[in-house]
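Participant: What follows is a single structure, and I will ask about it in a moment.
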């Protein structure tokens, strides 16, 4: 199987500026992501950034860096530019691994690429995990997904979906899934996606995968083969992760 990993990384995060370079166990956050990706079986791992500081650090730990514009609204737009500039063919499998997911295991990165290779009808492959905490169900920073029996995504939301009517919430916990922000798609579909306008529901929820659903894309969201850990969106996320990382080390 042949695939490539692209890691979008920007310095100017609104909630946590400079987070790709925050030190975790003696390495910048983005280096942990990169090292996991290089262990996934990918043909190549590319960090796409618009920041000189990130570029310099990434090159020092041996990464290939693609320079992109600073005006991109999403990581998908950023890697689409990099994929285009680097001349990837339409059938190349591209895995978008967020630069703030230092615990995302290589096995899950490989999983989404393998599922896309074997499923020619799918436009996007992603993964999810069970939610067993009722607090997390109501947390808008945790994106929920509901699926058809064949794992095709029906909807993504920051709201608690499915909504429970006439049943004890605990009995319905088995239906809740947290969407993990990793995507595999072919380069040709990626180009079509970023050329399409944002969808109304995408603007409301601020979830770009809703643009794909609005365009009738087939998104398969499988159960992750390994625990995916937590992403870093805020300073609190980072401090929580750093404490747990120190305890595990």
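Participant: Out of all the residues in the stretch 104-122, is one or more surrounded by fewer than 19 Cβ atoms within 10 Å (Cβ to Cβ) and farther than 18 Å from residue 223 by Cα?
Facilitator: Checking the stretch 104-122: at least one residue is surrounded by fewer than 19 Cβ atoms within 10 Å (Cβ to Cβ) and farther than 18 Å from residue 223 by Cα.
Participant: Among the candidates 77, 100, single out the residue that is assigned to a helix (DSSP H, G or I), touching a helix residue (DSSP H, G or I) at 6+ places or on another chain (Cβ under 8 Å) and either surrounded by fewer than 16 Cβ atoms within 10 Å (Cβ to Cβ) or in contact (Cβ under 8 Å) with a residue 60 or more places away in the chain (or both).
Facilitator: Values: 100 fails: assigned to a helix (DSSP H, G or I).
One residue alone meets the criteria, 77.
Participant: Can I ask one more? I want to confirm something. Restricting to the stretch 42-74 and keeping residues that are over 28 Å from residue 206 (Cα atoms) and within 18 Å of the chain's Cα centre (by Cα), which single residue is surrounded by the fewest Cβ atoms within 10 Å (Cβ to Cβ)?
Facilitator: By that ranking, first place goes to 44.
Participant: Restricting attention to the stretch 116-156, which residues are in contact with a helix residue (DSSP H, G or I) (Cβ under 7 Å, 6 or more places away or on another chain), at pLDDT below 95 and within 24 Å of residue 204 (Cα to Cα)?
Facilitator: Within the stretch 116-156, 131, 134, 142 meet the criteria.
Participant: Kindly provide the set of residues from the stretch 103-142 that are assigned to a loop (DSSP other than H, G, I, E, B) and either within 17 Å of residue 34 (Cα to Cα) or touching a residue at least 60 places away in the same chain (Cβ under 8 Å) (or both), ordered by number.
Facilitator: The first filter runs over the stretch 103-142 and keeps only residues assigned to a loop (DSSP other than H, G, I, E, B), leaving 103-105, 119-123, 131-133, 138-142.
103, 104, 105, 119, 121, 122, 123, 141, listed by residue number.
Participant: Follow-up. Inspect all residues belonging to the stretch 140-161 and state whether any of them is over 17 Å from the mean Cα position of the chain (by Cα), more than 24 Å from residue 214 (Cα to Cα) and surrounded by 14 or more Cβ atoms within 10 Å (Cβ to Cβ).
Facilitator: No - not one qualifying residue is present in the stretch 140-161.
Participant: All but one of (1) in contact with a strand residue (DSSP E or B) (Cβ under 8 Å, 6 or more places away or on another chain); (2) part of a loop (DSSP other than H, G, I, E, B); (3) more than 24 Å from residue 186 (Cβ to Cβ) hold for residue 42; which doesn't?
Facilitator: Here residue 42 meets the rest and fails (3).
Participant: Sort out which residues of the stretch 160-201 are in contact (Cβ under 8 Å) with a residue 40 or more places away in the chain, in contact with a helix residue (DSSP H, G or I) (Cβ under 8 Å, 6 or more places away or on another chain) and over 22 Å from residue 5 (Cβ atoms), and write them in order of number.
Facilitator: Passing the criteria: 173, 176.
Participant: In the stretch 204-237, which residues are in a helix (DSSP H, G or I) and more than 26 Å from residue 112 (Cα to Cα)?
Facilitator: We begin by selecting, within the stretch 204-237, every residue in a helix (DSSP H, G or I); these are 204-205, 209-214, 235-237.
Once the filter is applied, which keeps residues that are in a helix (DSSP H, G or I) and more than 26 Å from residue 112 (Cα to Cα), the stretch 204-237 yields 204, 235, 236.
Participant: Hey, among the residues in the stretch 1-17 that are in contact (Cβ under 8 Å) with a residue 24 or more places away in the chain and surrounded by fewer than 16 Cβ atoms within 10 Å (Cβ to Cβ), which one's farthest from residue 186 (Cα to Cα)?
Facilitator: Checking each candidate, the answer is 15.
Participant: Looking only at the stretch 1-22, count how many residues are out of contact with any helix residue (DSSP H, G or I) (no Cβ under 8 Å at 6 or more places or on another chain) and in a strand (DSSP E or B).
Facilitator: 1
Participant: Taking the stretch 203-249 as the search range and keeping residues that are free of Cβ contacts under 8 Å to residues at least 60 places away in the same chain and crowded, with 19+ Cβ neighbours inside 10 Å, which one is farthest from residue 139 (Cα to Cα)?
Facilitator: 211
Participant: Is there a residue in the stretch 46-66 that is closer than 25 Å to residue 186 by Cα, out of contact with any strand residue (DSSP E or B) (no Cβ under 6 Å at 6 or more places or on another chain), without any contact (Cβ under 8 Å) to a residue 60 or more places away in the chain and outside any loop (DSSP other than H, G, I, E, B)?
Facilitator: No, because not a single residue in the stretch 46-66 is closer than 25 Å to residue 186 by Cα, out of contact with any strand residue (DSSP E or B) (no Cβ under 6 Å at 6 or more places or on another chain), without any contact (Cβ under 8 Å) to a residue 60 or more places away in the chain and outside any loop (DSSP other than H, G, I, E, B).
The values are calculated or read from the model by the stated rules, or taken from the named source; none is laboratory data. In this text, all values refer to a predicted model and were calculated from it rather than measured experimentally. Every residue, glycine as well, gets a Cβ built from its backbone with ideal geometry; the counts of neighbours run over all protein chains shown.
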